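The values are calculated or read from the model by the stated rules, or taken from the named source; none is laboratory data. None of the values given here were measured: they were computed from a predicted structure. Methodologically, a virtual Cβ is constructed for each residue, glycine included, from the backbone with ideal geometry; neighbour enumeration extends over all protein chains shown. Please note that ligands, DNA and RNA were not included when accessible areas were found on the heavy atoms of the full protein model with its side chains. Shrake-Rupley method; radii C 1.70, N 1.55, O 1.52, S 1.80 Å.
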Amino acid sequence: MTSRWHVLGAGSLGGLWAARLFRSGCDVELILRDQQRLADYKSAAGLTLTEDDQVNCYPIPAVALDNCGPVSRLLLACKAYDAPAAASQLAPLLTANAEVILLQNGLGSQERVADLINARCILASSTEGAFRQADFSIVYAGHGHTWLGDPLRPAPPSWLEDLQQSQISHDWTVDIVSRLWRKLALNCAINPLTVLYDCRNGGLREHTDEVAGLCAELSQLLQACGMPDAATGLHEQVLKVINATAANYSSMHQDVRQKRRTEIAYLMGYVCSAAEQHQLQLTQLNELNTRLCHYLDTHGLPRH
Ligand code: NAD
Ligand code: KPL
């Protein structure tokens, strides 16, 4: 067994990773926000995972952030907007050779976290699907894959064995930044429109011109940002995802419907500021961002 895994964020993806690592015999400790959250976790007697109609409760050890010991390997599994604050709190606990896996969607939070900590930062992009049905109770809704990579150090870490042993489907890639951009582009072409039209992903088949226009602008941006692979076949893939997930609501739609803060700043916000930096006039993307911000304002949700 390799050294201890710390998992910050006992939410959907953090919980899913922690449960699978724990049940395969890895040494895992959850880092919870504060003593109250730790007390709530203790009352729940562990983390419950529902998977293929099987329900199991895993008594994964947990600690409150203010009482946590040294951290050498961390899975940072909070939302993008919470990641920099969590990283600042963890920074003093990180050991000299610490490694931190950043599981956030979108782009922007990873750079901010890397600036705040002295550790190897491993970027991740995941197509796994999980949601919280109650506190400390997670449903594994869709089996997916996680891509991991370090743009500064291409050598894979030895702990990938733990993921293998825990049946966490993954690959190490030297193209992680390109993969994150591609996912970001997919999310920007689909998620905001599903919110504005209040529809499932399949509902976007009624708005094909708008989707095509957004994909053209996103491809232009990806090229300008030096990500030609992420631009190749973007429109075709977006149409494939719309068809393959036609019956689903996008993650942003679900957030808005449940009155939860969205990760818009790390998706549309990031894309619009990258376009500005490259002096690209991407009219449709800017208009979409404005419409989405207005929609969030009128629904009492933050626009960042
Ligand atoms: P989540 O809201 O279910 O879980 C995040 C957890 O982090 C929460 O329990 C929250 O309390 C905790 N947290 C936040 N700040 C903290 C702090 N300072 N200390 C301790 N705990 C803290 O979120 P999620 O769905 O697991 O998403 C995490 C990231 O993964 C997001 O960027 C999301 O877009 C991405 N993602 C999620 C899925 C999915 O299916 N859920 C799939 C792909 C990518
Ligand atoms: O990742 C997604 C999401 O809903 O966040 C998909 C299904 C690809 C839609 O953008």
>> Can you say whether residue 303 is at pLDDT 95 or above, not polar (S, T, N, Q) and not in a helix (DSSP H, G or I), as far as the supplied structure shows?
In response: no
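This table checks each residue for (1) closer than 30 Å to residue 52 by Cβ; (2) in contact (Cβ under 8 Å) with a residue 12 or more places away in the chain.
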residue	(1), (2)
116	no, yes
129	yes, yes
138	yes, yes
148	yes, yes
164	yes, no
194	yes, yes
>> Quick check on the stretch 127-137: of everything there that is within 25 Å of residue 244 (Cβ to Cβ) and surrounded by fewer than 20 Cβ atoms within 10 Å (Cβ to Cβ), which residue is farthest from ligand 2 (Cβ to nearest atom)?
In response: 133
>> Between a residue in the stretch 174-188 that is closer than 9 Å to residue 230 by Cα and polar (S, T, N, Q) and any residue that is open to solvent by 30 Å² or more (accessible area, probe 1.4 Å) and away from ligand 2 (no atom under 13 Å from the Cβ), which pairs come within a Cβ distance under 8 Å, given they are 6 or more apart or on different chains?
In response: 178/227; 178/229
>> Regarding the stretch 202-223, can at least one residue be identified that is within 16 Å of ligand 1 (Cβ to nearest atom), modelled with pLDDT of 95 or more and not aromatic (Phe, Trp, Tyr)?
In response: no
>> If I ask for residues that are under 19 Å from residue 166 (Cα atoms), assigned to a loop (DSSP other than H, G, I, E, B) and touching a strand residue (DSSP E or B) at 6+ places or on another chain (Cβ under 7 Å), which ones from the stretch 97-144 would you list?
In response: 103, 128, 144
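Residue-wise test of (1) in the same structural domain as residue 133 (by TED's automatic domain parsing); (2) near ligand 2 (Cβ under 10 Å from one of its atoms); (3) among the β-branched types (Val, Ile, Thr).
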residue: 212; (1), (2), (3): no, no, no
residue: 228; (1), (2), (3): no, no, no
residue: 241; (1), (2), (3): no, yes, yes
residue: 249; (1), (2), (3): no, yes, no
residue: 252; (1), (2), (3): no, yes, no
residue: 257; (1), (2), (3): no, no, no
residue: 260; (1), (2), (3): no, no, no
residue: 264; (1), (2), (3): no, no, yes
> Out of the stretch 245-287, which residues are hydrophobic (A, V, I, L, M, F, W, C) and either touching a Pro at 6+ places or on another chain (Cβ under 9 Å) or not in a loop (DSSP other than H, G, I, E, B) (or both)?
Replying inline: 252, 256, 264, 265, 267, 268, 271, 272, 274, 275, 285
>> Just the residues that are open to solvent by less than 60 Å² (accessible area, probe 1.4 Å) and within 11 Å of ligand 1 (Cβ to nearest atom), please, taken from the stretch 138-166.
In response: 138, 139, 140, 142, 144, 145, 146
>> Every residue in the stretch 93-106 that is touching a Lys or Arg at 6+ places or on another chain (Cβ under 9 Å) and buried (at least 17 other Cβ atoms within 10 Å of the Cβ), please.
In response: 98, 99, 100, 101, 104, 105, 106
